[in-house]
Amino acid sequence: MTVPRWLAWLEAIYRGLLRLYPAAFQQRFAGEMAQVFSALGRQAYAQNGPGMALRLGVLSLADGLLAAARQWGSKLFNRRIAMESTRDDNHGGLAPLSTAHAGLAVLPYILYGLACMLAYSWHPTTSTLPPPVWELFLKIPYLWFAVFCLAGLTVGLANGFPRWAQPYLGWTLYFCWWWSNMTTYSYRWDAKVWLAPLGALLLAMILRRSLRPVVEVLRALWQDWTLPSFALFIFYCGVSILFDENHHPMLLLFMAAATLAAAAGAWAYYRLAHAVPRVLVLGGMLVVLAFLQIWSYGTWDFRAYYNLPPGPQFDWRTLWITVVVAAVMLVPALADWLRKRRGIQRT
């Protein structure tokens, strides 16, 4: 039978698609799959005409792309997760971090709180505007905090992205989001701050001579579905500990209390094994942070300070909004719990 040129092209495209599969899969199945595709396509063309052969070829190509994605997902995520499971993971949880590693995970929270307190209590002058970049590091404590988080992120990415490195990624992204809209000493940072985490990722890939750092970050998201909730917790902590535009006489004490609450939430998150309790603690700490915000703003006359009209001192809307946010954070934890429970039942 004479094979039309377009059918031969389909067969060549399918053979090219098979190269997208993992190498081990190609060695075992690629030859047989190419033969089956060719035989079925030619049979459909001979028996039912070009329309049926074209339809079969297009559907097979689409299914092949999806199958390739599933094979890579299995290779990069599922198999690696199985290798990393421990005896502490028998019920679908994650092994708690050691005391030392949990301390590393909590350290950015402590340093951020200290940077906020120092920024409010230390106001150095500058001789030129804008000053050189190196001089900014002598005047802005937040920059040292950002450098510390960036260094921790780089070390974590270069060493397999262990769980203690997750807060360093979260705080680095928070800082870049925050400072991309900042102007300090007449110096506007804008989008260039995002080059810092990209540089850390590139350096880690160069050190490891592979794309594994990217894969490991994605694998961490797949392994622990509560990480988006944890990212939201970091964002909320960043805003809450800052106490922006707050001039309470005892502001430093409120900052210290908020810092300890945020650090306690992160500590419990990494010391507990199961998804739901871990996120419940995060939500509870968000409520504590909201209460501190309400208490702080309700015990100094901020309305008179900013020439605002009289109104209620205690604005409880912050608390109700926080409760809603905490409830939303619980959704990924419940989904993660159901996923792991079903996996255990299958085994």
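The values are calculated or read from the model by the stated rules, or taken from the named source; none is laboratory data. Since the structure is predicted, the reported quantities are computational estimates derived from the model, not experimental observations. Cβ sites come from the backbone with ideal geometry, for glycine too, and all protein chains shown count toward neighbours.
Computed quantities for the displayed model
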item	result
Test: residue in the stretch 185-195 that is out of contact with any helix residue (DSSP H, G or I) (no Cβ under 8 Å at 6 or more places or on another chain) and at pLDDT 90 or above	yes
Residues of the stretch 2-52 that turn out to be modelled with pLDDT under 80 and either surrounded by 12 or more Cβ atoms within 10 Å (Cβ to Cβ) or touching a helix residue (DSSP H, G or I) at 6+ places or on another chain (Cβ under 6 Å) (or both), as a count	1
Filter pass, A146 being closer than 24 Å to W267 by Cα, surrounded by 16 or more Cβ atoms within 10 Å (Cβ to Cβ), of a type outside the set (D, E) and more than 15 Å from the chain's Cα centre (by Cα)	yes
Selected residue (criterion: modelled with the lowest pLDDT) from residues of the stretch 278-298 that are among the β-branched types (V, I, T) and touching a Phe, Trp or Tyr at 6+ places or on another chain (Cβ under 9 Å)	I294
